[in-house]
Amino acid sequence: VSANPRVRFGEAADAWLSGPVSTLRPATQAVYRNHVETHLRPRWSRTRLDAISGDDVAGLVRDLRASGAAEWSTAGIVGVLGQVFRHATTRLGWLGTNPTTLLANGERPKRSATARRRIYQNDELAQTLAAAHEPLRTLFALAAVTGARLSELLGLTWGDVNLDDVDAADVRIEAQVDRAGKRRALKTDESRRTIELPSSLAAALKRHQLSSGVPPAAAFVFATRSGGRPLAQRNVLRGLRAAQARAIDAEGRPTFPVLVEAIEANTAPPRDAAPTF
């Protein structure tokens, strides 16, 4: 590969997006493209790669922090910048130094600084499940048992669930749905797994299957009323919030009082008002 010192950032970013990024899942492509178009291209589109220094990258980090961006998001943006430089080195003949490697420890985004997520405590999960309506109650219980992502659970078909014997039931996680509701295979073999189910959850899934009229193996487990599409992720998340708002403890008090207060006041609830999916 011949040296090409005049590569500009915009050119390198376009080559990276149309090259290796184009083979990734649509949702991942959208995240990377957003990082480029929102944070990187406006800053350096016409700038030669060899004119972008470690100090420039440190300035990007400072500006993102000042804007309130989470450390996790900032780390992702800097990571994309580094990948653009690596692609320029391996495919565009650029032979300079990747400036993201020049950041001092204090300048690097700290993924560990991201606030810990609120988790269920004591009887909160049981109370949330009791307040949820079917089929979301079974979906939430399956999420709690398997630890699967929402996109994976919505990608389940009845052919992925073995309910022949509720005492030996399992579910195969082999696919997920994208934001358009299309079922796609998981990216790696390591992501595919089979998880045993407790008999109580298997029985709940069996009841859900029978209530759906014993659908074919290719039908989605958690589908819209028409049966042709999986439930929308946004609707599931709304259903979770609604169940949490209805949930009560043994004395009839709200399980998540801060969430209920925010809803009644028509304001955005605090981050730790209730667990997310």
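Pick out the one residue from 152, 71 that is open to solvent by less than 60 Å² (accessible area, probe 1.4 Å), at pLDDT 95 or above and charged (D, E, K, R). Every option except 152 fails the conditions. Identify all residues within segment 173-210 that are open to solvent by less than 90 Å² (accessible area, probe 1.4 Å) and free of Cβ contacts under 8 Å to residues at least 12 places away in the same chain; write none if there are none. 185, 188, 200, listed by residue number.
For segment 91-128, the tally of residues that are touching a residue at least 60 places away in the same chain (Cβ under 8 Å) and either under 29 Å from residue 45 (Cα atoms) or not small (Gly, Ala, Ser) (or both) stands at 14. Where strands (runs of 3 or more DSSP E) fall entirely within segment 77-196, those with at least 1 residues that are under 17 Å from residue 237 (Cβ atoms) are at 175-177.
Can you tell me how many residues in segment 65-76 are in a loop (DSSP other than H, G, I, E, B) and under 17 Å from the mean Cα position of the chain (by Cα)? Total meeting the criteria: 1.
Of all residues assigned to segment 31-38, none qualifies as being over 26 Å from the mean Cα position of the chain (by Cα), closer than 22 Å to residue 107 by Cβ and surrounded by 13 or more Cβ atoms within 10 Å (Cβ to Cβ). For segment 226-267, the candidate set comprises residues that are among the small types (Gly, Ala, Ser) and assigned to a helix (DSSP H, G or I); within that set, the residue that is nearest to residue 153 (Cα to Cα) is 239. Based on what the data block shows, is residue 180 over 14 Å from residue 139 (Cβ atoms), small (Gly, Ala, Ser), modelled with pLDDT under 95 and in contact with a helix residue (DSSP H, G or I) (Cβ under 6 Å, 6 or more places away or on another chain)? No; evaluated as a whole, the condition is false for this residue.
Taking segment 116-149 as the range and being open to solvent by less than 20 Å² (accessible area, probe 1.4 Å) and acidic (Asp, Glu) as the test, no residue passes. For segment 211-240, how many residues meet the condition of being among the hydrophobic types (A, V, I, L, M, F, W, C), open to solvent by 70 Å² or more (accessible area, probe 1.4 Å) and modelled with pLDDT under 95? So the count comes out to 2. Condition (residue is open to solvent by 30 Å² or more (accessible area, probe 1.4 Å), out of contact with any helix residue (DSSP H, G or I) (no Cβ under 7 Å at 6 or more places or on another chain), touching a residue at least 12 places away in the same chain (Cβ under 8 Å) and farther than 28 Å from residue 185 by Cβ) applied to segment 11-19: is it met by at least one residue? Yes, segment 11-19 has at least one match.
For segment 243-263: of the residues being open to solvent by 40 Å² or more (accessible area, probe 1.4 Å) and small (Gly, Ala, Ser), which is nearest to residue 126 (Cα to Cα)? Restricting to residues being open to solvent by 40 Å² or more (accessible area, probe 1.4 Å) and small (Gly, Ala, Ser), the top hit is 250.
The values are calculated or read from the model by the stated rules, or taken from the named source; none is laboratory data. The shown structure was predicted, so the numbers you read here are calculated from the model rather than taken from an experiment. FYI the Cβ positions are ideal-geometry reconstructions off the backbone, even for glycines, and counts take in every protein chain you see. Just the protein is used for accessible areas: all its heavy atoms, side chains included, with ligands, DNA and RNA removed. Shrake-Rupley method; radii C 1.70, N 1.55, O 1.52, S 1.80 Å.
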